[in-house]
Amino acid sequence: MADALLLIALVGLPFIGAILAGLLPAHARDTASALAGGVTLICLTLVWMAYPGVSAGEILRAEIPWMPGQGLNLTLRMDGFAWLFAGMVSGIGALVVLYARYYMSEEDPVPRFFAFLLAFMGAMMGVVISGNLIQLAFFWELTSLFSFLLIGYWHHTAAARDGARMALTITGAGGLALFGGVLLIGHIVGSYDLDTVLTAGNLIREHALYLPALLLVAFGALTKSAQFPFHFWLPRAMAAPTPVSAYLHSATLVKAGVFLLARLWPVMAGTDAWTWIIGLAGLITMLVGAYIAIFQNDLKGLLAYSTISHLGLITLLLGLKSELALVAAVFHIINHAAFKCSLFMAAGIIDHETGTRDIRRLSGLNQTMPFTARLAGVAAAAMAGVPLLNGFLSKEMFFAEALSAQGEFSLLTILPVAAMAASAFSVAYSLRFIHGAFFGPPATDLPRSPHEPAGWMRFPVEILVLVCIMIGLLPAATVGPYLALAVRGVLGAEVPYYSLAVWHGFNLPLLMSVIALAGGVLLYRLLQGYLRSDADGPPLLRGVDAERIFERVMVFLSWRLARRLENIFGTRRLQPQLRLIVGIALFGGVSAVLWRGFGPGNLPATPMDPVLVLIWLVGAAFALGTAWQAKFHRLAAVILLGGVGLVVCLTFVWFSAPDLALTQLTVEVVTTVLLVLGLRWLPQRRKVPGERGLDVLSLRRRLRDLTLAIGSGAGLAALSYAVMTRTPPELLAQHFLERAYTEGGGTNVVNVILVDFRGFDTLGEIFVVAAVALTTYALLRRFRPAPDSVEVPEQQRDQGDGALHGDATTPTADWLLVPFTLSRLLFPVMLIVAVFLLLRGHDLPGGGFSAGMIVAIAILLMYMIGGTDWTEDHLHMLRPQRWLGFGLLLAAGTGLAAWIFGRPFLTTYFAYAELPIIGKIPMASALIFDIGVFALVVGATLLMLVALAHQSVRGQRAAERATGDR
C-alpha cells in the first residue's frame, strides 16, 4: 500500500501543484516559485524513498481499477530504469525551478509558467513510471501538449508561436503513430501490461506484425527525440524561456524517445530491421547535428543542435545488437543530462546579463563574469569528452562499442570513423561556445553591461558542474550503483560485465579520443575565418533547409489542399453540409447491406395498433409541414418541429418508456425555446422581385432533400425492423434487470444504466455538453449582426423592442405584468419539482438530466417574460461557468472516490441510511453523480441563455439602425 501511494503521489502531486499555481494571481511570483520548488523537492524525496526497494530488485507497482473487464487499469510501475529517470525528472526539475525564479522577468506571469512546468513534469513522470502501454501513450501525448504551452509561453512573439506549433505538429504526429504501435504490440501479446509485454520478446519479434509495430514505435520515438529526418523542430523550440530549454533538453521531452527505445529494447531489439531503422537514424543524426552545431551563431541554437547530435549517439548505441551498447547509452543519458542542463543555464545567464545570445557580439565575458566562465568551461569540456570529466567516460564506452560492433551491415564498418568525426565536431562546437563568449577583448556593443548573476541563480549550475566532475573522477563510487540499477531494470539479472574505471590503459578507444580532441581543435582553428564572416549556414548543407520543407508541406496541406477541399465540399450554408453528412451515412449503410445481405428476422411481426399509426401519421404530417414552412416562415417551422418531438415523446409513453418520454419532453421544450430566441439572428431571406411560389432550382433542391430524407428514414426503419425481428444472442435487458438493484442499488433500470453500468459513457457525454455550451457561448459573444442581416418584425418596427422582449419599462409590455407575476410564483414550484425528480430518479422515472431541464425551463420562462432586464439583474448572479465546473468535478469526483475503496472507476456504492422519524432511506453514490449531471445541464442552458441575452442588446441596436435606414 505504501508503494502504491508513493507512485500515485509522484504522478499526482505535479498536476495538483499545477492547478494550484494556475489559480494564483499573476503577480504572485514568490508564492508560485515556492509552490513549484516544494512540489519538485517532495517528488525527489519520494524517489529516494523508493530507492531501498528498487535497489533490492523489487518492482514497485500500483494498480488502480479502471476497466477490469477490458483488461485496462491504471498501472504505475517503477523498476531501476524508471527510478533513474524519475530521479532526473524531479532532481533537475528542482534545479530548474530555482533557476527560473531568478531568470523570469517581473513582467512575466510567473504562476502560469510554473503551472505549465509542473503539469509537464507530471506528464513526463507518467511516461516514466507507466505500467500500461496505452497509459504510456496517453502521458506521451500530454508531454507534447504541455511542451507546446511551454515553448509558446511568450506567445506575443512569432518565433514562440511558430516553434510551439512545429513541435506540437511533429511530436503529436509521432504520438499518434506510437499509439498505433502499442495497439499492435498489445494485440500480439494479448495484453497491454508492461510486465507481460517485457516477457514476450520472442513472440513479438517472430510475429508477422512486428515490422509495422516497429515502424510505428520508431516513428514516435524518433520524432520525440528529434532524430533525423525529424530533427528540425528542436532548434525552433529555442524560442522558449531558457529554463524550459534546459529542462526539455536534459531530462524530459527529448529524452522520452530514447527512454522508450531503451524500455522496449528487450522485446524489439536484436533484429536486422531494428538495427537499420534505429541505428541508421542515430548515425545520421549524430553526424548532421554535430556538424550544423559548429556554425550556429546563437548560443542556444548551438546547444540545440548539440543535443540532437548526442541524442543521435544514444539512439545509435540503442540500435546496436549489444547489451554493452545499451549500458553505454544509459550512461550517456545520465552524463548528457548533467552537462547539457548546466550549459543551457549558463547560456541563459549570459543572455540575462548581457541581453544577447549572439556569439558574434559576445566576447571577453571572462573578465566580467569569471565564475560563470569557469562553470561553463567545465561543462563544455564534459560535452567535448575531455578526460577526467563524465562525458569522456561515456564517449570512451561509445568508441569501444563502435570498434566491437559486429554484423553484415555497411553502417557498422564505418562506425569508428563516424564516431571520431562526431566527437571532433563536438570538440569544435564546444570550443566555439567557450572561446567565442568568454575570451577575446571585451565586447563594447552589448545591450546590457555584463556582470555575475545572483548567487542562487548560479547555484544550479554549480551543482550540475560538480556532478560532472565527481562522475569523471570517481565514476564507480558516484554513478556506479545507479547505473547498475538502471541497466538491471532493462536487461534483468543477466547484466554483462563493464568497467567504470577512469584509466583502462593505452588502448584503441583512448587513441580515438586523443585523435578526436586534436581533430576538433584543428577543425575549429581552420574554420575561424568562415565563422567570423557573415556566411549563412554550414557549408555543404546551406541549401538543405528541413524547416523550409516542413513549412512548404504545411502550406500545401493547410492552405492549398484544404482550400481545394473547401471549394469542393465547403459551404457557408448548413443544408449542404447536412446533406453531405447524411448522404455519406446513407451510402455506408447501403454498402453494408449489399455486402452482407439484408432481410427480416425469424420473429413474427406484432400487429400495429391503429391509434399508434394515427399518432405516427400526425408526426409525419408535422415533419412534412416543417420542411415546407422552412422556406416561408421559420417560426412556423420551429413550432411544427416541436410537434414532431411531441409525437416522439408520445411514442416513448406508448412503449412504456417514461424516462425517455420525460427527457424528450423537457429537451424539446428547451431546444424549441432556444431556437425561437435565436431565429432573429438568422440572415434575411433573399427575395427575387416578382417571385411566386417555388422556382425550378428550389424545387429541384427540395426534391433532392426529400429523396435523401425518405431514403435515410426508410433505411433506419428497415434496420430497426430487421433488429427487432431477430432473436438477440443474449437478452441484454434481462442482464440489466437482474443486476440493477443488486449491483446498482436502484429499481429504475434506465437511470442505473446511465449513472452506473454505462456511467463512463454518461461522463463523456456531459463533457461534450459542456464543450458545446462553452463553444456556443464564445461564438455568440463574438457575433456581431450586421444591420442588413437582422430580421425586424413589423410589430417591432411599430412598437419598439419592448414588444419583442417583454421589457416592463415600456407601455406596450403592461399586459405582461400578470403572467410575469404568476411565473415568479411558479418558479419555486418548478424548482421543487426538479428536486423531486432528481431525488427519485434512481428508483422511479426522473434523474439528474430531467431535473436539470426542468430548472432550465423555469429560467427560460422567466427570461421570456422578464426580458433582458431580468437577465441582467438575476441570471448573471447564477454564474453558469461555475455550475458547469461544479457539475464536471462532482461527476468525475464520484468516479475517483471509488478508487479510495479499491473499486473500479465510477463503481457505485449503495446502502440504507437510518434517519430520525423518517426511518431507513436508500442512499447510493450514483445520486452524487446524478447531481453533477443536474448541475452541468443547468449550467449549460444558463450559459447559452446568457449569451443570447447579451447578444439581444446588440441585436436591438442593430435593429434600430436597420429600422432607421429603412
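Quick one: if you stick a label point 7 Å off each Cα along the C-beta vector at LEU5 and LEU703, how many nm between them?
7.6
List the chymotrypsin sites (Phe, Trp or Tyr not before Pro) in the range 572-618 that DSSP assigns to loop (not H, G, I, E or B) and whose Cβ has at most 14 other Cβ atoms within 10 Å. Which are they?
Details: sites: PHE587, TRP595, PHE598, TRP616; in loops: PHE598.
Qualifying residues, ordered by number: PHE598.
Show me, for the range 367-373, the HN-Hα J-couplings you get by feeding each phi into the Karplus relation (A = 6.51, B = -1.76, C = 1.60, θ = phi - 60°), rounded to Hz, glycine and proline as x.
Values, residue by residue: 7, 9, 10, x, 5, 4, 4 Hz.
For the pair ASN602 and SER105, how long in nm is the line joining their label points, each one 7 Å along Cα→Cβ?
Placing both labels 7 Å beyond Cα along the Cβ direction yields 7.8 nm.
Identify the chymotrypsin sites (Phe, Trp or Tyr not before Pro) of the range 451-503 meeting these criteria: DSSP loop state and at most 10 other C-beta atoms within 10 Å of the C-beta.
Details: sites: TRP456, TYR482, TYR497, TYR498, TRP503; in loops: TYR497, TYR498, TRP503.
Loop-located and lightly packed - TYR497, TRP503.
ASN132's amide H: which non-local residues (gap 5+, or another chain) put their own amide H closer than 5 Å, with H modeled 1.01 Å from N in plane and none for Pro or chain starts?
HN-HN under 5 Å from ASN132: THR75, LEU194.
Provide the packing ranking of 769-777, 518-526, i.e. peptides ordered by the mean count of other C-beta atoms within 10 Å per residue, highest first.
On the way: 769-777: 17.2, 518-526: 15.7.
My ranking of the peptides, most packed first, is 769-777, 518-526.
Could you run the Karplus curve 6.51 cos²θ - 1.76 cosθ + 1.60 with θ = phi - 60° over the range 81-97 and give me ³J(HN,Hα) per residue in whole Hz, x for Gly and Pro?
5, 5, 4, 4, 5, 4, x, 5, 4, 7, x, 5, x, 5, 5, 5, 4
What size of dipole, in debye to the nearest 20, comes out for the range 78-220 about its Cα centre when the only charges are +1 on Lys and Arg C-beta atoms and -1 on Asp and Glu C-beta atoms? Walk me through the intermediate numbers first.
Working: 5 positive and 9 negative charges, 36 e Å.
Dipole magnitude for the range 78-220 comes out near 180 debye.
For helix 926-965, what angle does its Cα long axis make with the longest principal axis of the chain, in degrees from 0 to 90 and rounded to 10?
For 926-965 against the chain, the angle is about 80 degrees.
Sort 653-663, 268-278 by packing, meaning the average of other beta carbons within 10 Å per residue, with the highest value first. Can you show the working numbers first?
Working: 653-663: 16.3, 268-278: 18.6.
So the order, starting with the most tightly packed, is 268-278, 653-663.
For MET923, list long-range residues whose amide hydrogen, built 1.01 Å from N in the peptide plane, is under 5 Å from its own amide hydrogen.
ALA911, TYR912, ALA913
What's the lysine pair count for the chain at a Cα cut-off below 22 Å, pairs eight or more apart or interchain?
Value for the chain: 11.
Sort the range 260-301 into rounded, prolate or oblate with this rule: let a ≥ b ≥ c be the square roots of the eigenvalues of the Cα gyration tensor; rounded if a/c is under 1.5, and if a/c is not under 1.5, prolate when a/b is larger than b/c, oblate otherwise.
Numbers: a/c = 6.80, a/b = 2.46, b/c = 2.77.
In terms of gyration-tensor shape, oblate.
Figure the gain on full extension for LEU561 and THR725 (residue separation times 0.36 nm, minus the Cα-Cα span) and round it to one decimal in nm. Don't skip to the end; give the middle numbers.
Details: separation 164, 0.36 × 164 = 59.04 nm, distance 4.69 nm.
In short, 54.3 nm is gained.
What angle, in degrees between 0 and 90 and rounded to the nearest 10, separates the Cα long axis of helix 732-744 from the longest principal axis of the Cα atoms of the chain?
With both axes taken from Cα atoms, the answer is about 70 degrees.
Please list, in chain and number order, the residues 5+ apart from THR725 or on another chain whose amide H is under 5 Å from its amide H, with Hs placed from the backbone.
GLY601
With θ taken as phi - 60° and the coefficients 6.51, -1.76 and 1.60, list the Karplus ³J(HN,Hα) couplings across the range 395-402 in order, rounded to whole Hz; mark glycine and proline as x.
Couplings: 5, 5, 5, 5, 4, 4, 5, 5 Hz.
Quickly rank 898-911, 164-177 as a protection proxy: mean count of other C-beta atoms within 10 Å, highest first. Walk me through the numbers before you get to the answer.
On the way: 898-911: 16.3, 164-177: 20.8.
Result, highest mean Cβ count within 10 Å first: 164-177, 898-911.
Output needed for the chain: three equivalent-ellipsoid semi-axes, defined as square roots of 5 times the C-alpha gyration tensor eigenvalues, in descending order, whole Å. Mind showing how you got there, number by number?
Details: eigenvalues 745, 234, 172 Å².
Sorted largest first and rounded, they come to 61, 34, 29 Å.
Each reported figure results from applying straightforward, stated rules to the coordinates on display, with no laboratory input. Quick caveat: nothing in here was measured; it's all calculated off a predicted structure. A quick note on method: Cβ atoms are made from the backbone with ideal geometry, for glycine too, and the neighbour counts reach across all protein chains shown.
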